[in-house]
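The values are calculated or read from the model by the stated rules, or taken from the named source; none is laboratory data. These numbers were taken from a predicted model, which means no experiment stands behind them. All Cβ positions, even for glycine, are placed from backbone atoms using ideal geometry, and neighbour counts span all protein chains on display. Keep in mind that these areas ignore ligands, DNA and RNA; they rest on the heavy atoms of the full protein, side chains included. Shrake-Rupley method; radii C 1.70, N 1.55, O 1.52, S 1.80 Å.
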Amino acid sequence: MPTIVVDVMPKAELLDPQGKAVSGAFSRLGVEDFTSVRIGKRFELAVDGEVTDEILASAKRIADEILSNSVIEDVVGIEVVA
């Protein structure tokens, strides 16, 4: 059964408080390999049958209208995984 994965991230110009908290934890734990952290959301949409262009278009519409808040988030990826 194929799955469509939708990734949503906070807009780059907005503060990401969760990412900032994780970044602070890294520094407290002595992890210095990463300069920043941004935390987003991942949605997995299961599909019965073949993923057609129409189904992908529907997934994009749903991602834009339901899964993300366009004021503060961007849909950064939509991909089909087997």
Quick one: net charge around ARG61, please, counting Lys, Arg +1 and Asp, Glu -1 for every other residue with C-beta under 14 Å from its C-beta.
-3
Report the net charge of residues surrounding PHE43, where surrounding means a beta-carbon distance below 15 angstrom and charges are Lys +1, Arg +1, Asp -1, Glu -1.
-3
Out of segment 1-81, which GluC sites (Glu not before Pro) are coil in DSSP terms and have no more than 12 other C-beta atoms within 10 Å?
GLU13, GLU32, GLU50
Mean residue ellipticity at 222 nm from the helices of the chain, using -39,500 (n - 2.57) per DSSP H segment of n ≥ 4 over the full residue count, to the nearest 500 deg cm²/dmol?
-8000 deg cm²/dmol
Ignoring ligands, DNA and RNA, please state the percent of accessible area on the chain from carbon and sulfur, probe 1.4 Å.
55 percent
Surface accessible to a 1.4 Å probe, per residue, for the residues of the chain, Å²:
71 Å²
With all protein chains present and a 1.4 Å probe, the order of MET1, MET9 from largest accessible area down is MET1, MET9
What full-extension length gain, to one decimal in nm, is calculated for VAL81 and SER36 as 0.36 nm per residue of separation minus the Cα-Cα distance?
13.4 nm
